[in-house]
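Only one structure is covered here, and it is reproduced in the block below.
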Amino acid sequence: AITCDVQKMYHQFRVNERHHDYLRFLWWEGGDLSKSPTDYRMKVHIFGATSSPGCANFGLKQIARDHKDMSQEAADFLHRNFYVDDGLKAENTAAEAIEVLSKARAMCQKANLRLHKVTSNSTEVMESVPESERAKSTQTNVEIDRGREEMENTLGLQWCTQNDTFCFKL
C-alpha cells in the first residue's frame, strides 16, 4: 500500500479572475484596527472556502485526463484514489506500487504539483522514493521494523505500517 499528499493543494489552483471578489478579505496592517483596512482578493483557492476541495479535486482529475497518455494506471490513481489532497492505493506487488507512484509523481510534476509525504508498508517502495518526498517518520529509516510501531495519519486514521493495520486514536 502507498499513501501520499499533494503539497499545498488548494494554493496550486488559481481562481478565475471574475471570481476573485468571492474570496475578498480585509487586512489591517500590523494588526492595528484603528487604521483603515486594505481590501484584498485571493487569486488561489484557500483552506476554509467551501468551494476549494471541489475545485482542487476537479483540477487533479483534469491533470489525470490531460496526461493519461503517460500512464493509464497513474491517471486512474489520481482520478479514483484521492480524497482531496490525500492519495491511498494498494497494489499486488511492490514493483507495481513503485511504478504507479513514480508515474503519478511525474504526471503531477507536469502540472507543477508535488506528491510528497509518501508512506508505504513496503521497504522496497520506500527505498524508491527520494528522502525529501517521504513522510517525516520514514525520511531517515525506510526499514520496516516489525518490533516498533510507528503510526502515520491517513485519511483521519492512524496507519501502522509495520503490521499494516488501521487504528483510531481516541
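The Cβ shell under 15 Å around I46 holds other residues with a net charge of +3, Lys and Arg each +1, Asp and Glu each -1. Positive end of the charge dipole of the chain (Lys, Arg +1 and Asp, Glu -1 on Cβ, about the Cα centre): tell me which of N112, H11, G30 has its Cα farthest that way. Checking the options against the dipole of the chain, the answer is G30. Solvent-accessible area assigned to carbon and sulfur over the stretch 27-91 amounts to 55 percent, based on a 1.4 Å probe. Taking label positions 7 Å along the Cα-Cβ direction at both D32 and A95, the computed distance is 6.7 nm, reported to one decimal.
With both labels modelled 7 Å from their Cα along Cα-to-Cβ, the K8 to Q109 distance reads 1.9 nm. The angle separating the long axis of helix 52-66 from the principal Cα axis of greatest extent in the chain is about 60 degrees. For K8, give me every one of the lysines with a C-alpha distance below 18 angstrom, ignoring sequence neighbours fewer than eight places off in its own chain. Here the lysines satisfying the reach criterion relative to K8 are K43, K61, K110, K117, K136. Helical content of the chain, expressed as a calculated mean residue ellipticity at 222 nm, amounts to -8500 deg cm²/dmol (DSSP H runs of 4 or more residues, -39,500 (n - 2.57) each, divided by residue number, nearest 500). Normalised by 2.2 N^0.38 Å, where N is the number of residues, the alpha-carbon radius of gyration of the stretch 28-89 equals 1.72. What does the net charge come to around E96 if you take all other residues with beta carbon closer than 12 Å to its beta carbon, with K and R at +1 and D and E at -1? Summing Lys and Arg as +1 and Asp and Glu as -1 gives -2. Here the chain is assigned +1 on the Cβ of each Lys and Arg and -1 on the Cβ of each Asp and Glu. Its dipole about the Cα centre then comes out at about 720 debye.
Packing, as the average of other Cβ atoms within 10 Å across residues, places the peptides 41-48, 124-131, 102-109, 113-120 in the order 113-120, 102-109, 124-131, 41-48, highest first.
The orientation-averaged shadow of the Cα convex hull for the stretch 64-125, equal to a quarter of the hull surface, comes to 4.0 nm².
The values are calculated or read from the model by the stated rules, or taken from the named source; none is laboratory data. These numbers come from a predicted model, not from an experiment. Note that each Cβ is placed from the backbone with ideal geometry, even for glycine, and that neighbours are counted across all protein chains shown. Remember, those area values only see protein heavy atoms, side chains included, never the ligands or the DNA or RNA. Shrake-Rupley method; radii C 1.70, N 1.55, O 1.52, S 1.80 Å.
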